[in-house]
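Reading through the structure tokens given below for one structure.
The values are calculated or read from the model by the stated rules, or taken from the named source; none is laboratory data. Worth saying up front: this structure is predicted, and the values here are computed from it rather than measured. Glycine gets a Cβ as well: all are built from the backbone with ideal geometry, and neighbour counts include every protein chain shown.
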Amino acid sequence: MPNKLSAMRHIRADKRKRDRNVSMRSTTHTACKKAEQAIREGSSNAAELVNAAVGQLDKAAQRRAISRGRANRKKSALMRSLNQINVA
């Protein structure tokens, strides 16, 4: 246990931040999984799901739940996969 009052407040704030980040990462992960599954199945709404996942990734990166580089890599991979099925 911390001895200082400010340290206790920091612990409470850190827990709130962690919960928010975990929730945002989970939402982002789910959106990416749905988009990847739609791409694999060749679904007609794959582009919509990819756009939703890209938006979630941007939002998570903006709020620093994930790093910008990780978001960019994931967006790039999703777009590459989507373009491959559109070309084929």
Tell me, please, whether a residue that is aliphatic (A, V, I, L, M) and more than 12 Å from the chain's Cα centre (by Cα) can be found in segment 9-23. yes
For segment 1-46, give me each residue that is aliphatic (A, V, I, L, M) and loosely packed, with under 15 Cβ neighbours inside 10 Å. Met1, Leu5, Ala7, Met8, Ile11, Ala13, Val22
Scan segment 54-88 for residues that are assigned to a helix (DSSP H, G or I), free of Cβ contacts under 8 Å to residues at least 24 places away in the same chain and of a type in the set (A, V, I, L, M, F, W, C) and jot them down. Ala61, Ala71, Ala77, Val87
Of the conditions (1) among the aliphatic types (A, V, I, L, M); (2) at pLDDT below 95; (3) within 30 Å of Lys17 (Cα to Cα), Val50 satisfies every one except a single condition; which number is it? (2)
Looking at (1) assigned to a loop (DSSP other than H, G, I, E, B); (2) modelled with pLDDT of 95 or more, which one does Ala31 not meet, given that it meets all the others? (1)
Say we look at segment 65-88 and pick out the residues that are in contact with a helix residue (DSSP H, G or I) (Cβ under 8 Å, 6 or more places away or on another chain) and farther than 25 Å from Ser43 by Cα; which of these is surrounded by the fewest Cβ atoms within 10 Å (Cβ to Cβ)? Ser67
